[in-house]
Amino acid sequence: MNNQPMVRAIDVRKSYGDQVAVDGLTLNVPTGKTLGLLGPNGAGKTTTLHLLIGLLRPDAGQISISGSSHVDSAEVRSLVGIAPQSLSLYDELTAEENLTFFGRLYGLRGPRLAERVDWALDFSNLQDRRRHRVQTYSGGMKRRLNFACALLHEPKLVLLDEPTVGVDPQSRNHIFEGIRRLQEAGLTIIYTTHYMEEAQRLCDMVAIIDHGRLLELGTVPELIQRHGGVSVITGDCSAPPPDSWPGHWDGQVWRVETDKPLETLHQFSIQTSHFTRLQIEQPDLESVFLRLTGRSLRD
Ligand SMILES: Nc1ncnc2c1ncn2[C@@H]1O[C@H](COP(=O)(O)OP(=O)(O)OP(=O)(O)O)[C@@H](O)[C@H]1O
Ligand SMILES: [Mg+2]
């Protein structure tokens, strides 16, 4: 069994003129895992993906895909599919024609091409619109088709660059379901997003990048444990809480910081009947991001 990482990047750098886009990125993505690449606008996510598929050449550093450093060779390209952030679709063509066009680019022909196009129409849930021009589609339908185009040649590594931007909740769920299917089939996925709930829900590991630098890499619970900070319990109560309770009461709101909010409630026999409102705020990826970068992911 081959257990080399699907993606390996060592000290990769890329600038556009004076603008440093990727600044010494070192990263491994194990085969069969999903990596979420999280970062604000301009962090270097798209540039990183384009370096991985050989669309851009690094100024320095090494990249290998499935053990090969020839990332723009035909052999490696056949392993990789990308759903780009800027939709790669012909508006004046139908879904079927777009898929056929991209399938041919990937070298598919004849019955195999027809079979894969049909599969992709099922995958994107666009069978009933297959003969309609893409210009008549909603944002969500276009994103679904853009995603399916990346899968025609059955890649082992799929790069999804903000696959849910501008889509309705239904299409978003459809895209999540598609990602789940690929995960179950053992594919390796790199997923860029601004949405932390998505990373939290879909990814085995998360890389946080800002200004082209990798700030952290780990599972979501690991990152929350390392950088999330404490939980905060607040409750509204008009009568003073018992002296035995921890925390502070300002005459209206009782507040306590704790690592283990449920245990704290239990340990100090804190009764919910004391409050007209009780809330536990637990750290999440947003808190991690805020602590690491000093700003919110969606700014
Ligand atoms: N073709 C280019 N020419 C010059 N600068 C570029 C080019 N592409 C990207 N940049 C710059 O490189 C940096 C990284 O951009 P990149 O598109 O990789 O970020 P991103 O994380 O994908 O951002 P977004 O969330 O907006 O998609 C940014 O400062 C961007 O302005
Ligand atoms: Mg981008």
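Values quoted throughout were computed directly from the atomic coordinates according to the rules given, and no laboratory measurement underlies them. On a predicted model such as this, the values are computed, not experimentally measured, just so you know. Backbone-built Cβ (ideal geometry, glycine too); neighbour counts: all protein chains shown.
General observations
- Student exercise, the chain dipole from Lys, Arg, Asp, Glu Cβ charges, in Debye to nearest 20: 920
- The ranking of I190, I10 from fewest to most other beta carbons within 10 Å of each one's beta carbon is I10, I190.
- Taking every alpha-carbon pair in region 230-282 and binning the separations at 5 Å intervals from zero gives 4, 23, 36, 27, 9, 0 percent.
- Highest mean packing first, where packing is the average number of other Cβ atoms within 10 Å per residue, the peptides 235-244, 158-167 line up as 158-167, 235-244.
- Translational diffusion of region 144-250, µm² s⁻¹ [Kirkwood Rh, Cα pairs; Stokes-Einstein; 25 °C; 0.890 mPa s]: 143
- Peptide packing for 112-119, 283-290, 70-77 was compared via the average number of neighbouring C-beta atoms within 10 Å per residue; ordered from the highest value, the list is 283-290, 112-119, 70-77.
- Only helical runs count toward this figure. For the chain, summing -39,500 (n - 2.57) over DSSP H runs of n ≥ 4 and dividing by all residues gives -9000 deg cm²/dmol at 222 nm.
- Dividing the mean sequence gap of close Cα pairs (under 8 Å, 6+ apart) by how many residues the chain holds gives a relative contact order of 20 percent.
- Kirkwood-based Rg to Rh ratio, region 7-225, C-alpha trace: 0.96
- Cα lying deepest toward the dipole's positive end in the chain, options F275, G229, C149, charges on Cβ: C149
- Burial ranking of peptide ranges 254-264, 22-32 (average Cβ count within 10 Å, highest at the top): 22-32, 254-264
- Positive-end residue of L182, Y90, V158, charge dipole of region 90-233 with Cβ unit charges: Y90
- Gaussian network model of the chain, Cα within-10 Å springs - most flexible of R181, R277, R13: R277
- Cut-off 16 Å, label 7 Å out along Cα→Cβ of A239, residues of region 253-268 by amide N: 253-254
- Region 114-130 and region 1-72: distance between their alpha carbon centers, rounded to Å: 31
- An ellipsoid equivalent to region 15-121, defined through the eigenvalues of its Cα gyration tensor, has semi-axes of 29, 17, 13 Å when rounded to whole angstrom and sorted largest first.
- Stokes-Einstein diffusion coefficient of region 1-41, Kirkwood radius over Cα pairs, 10 °C, 1.306 mPa s, in µm²/s: 132
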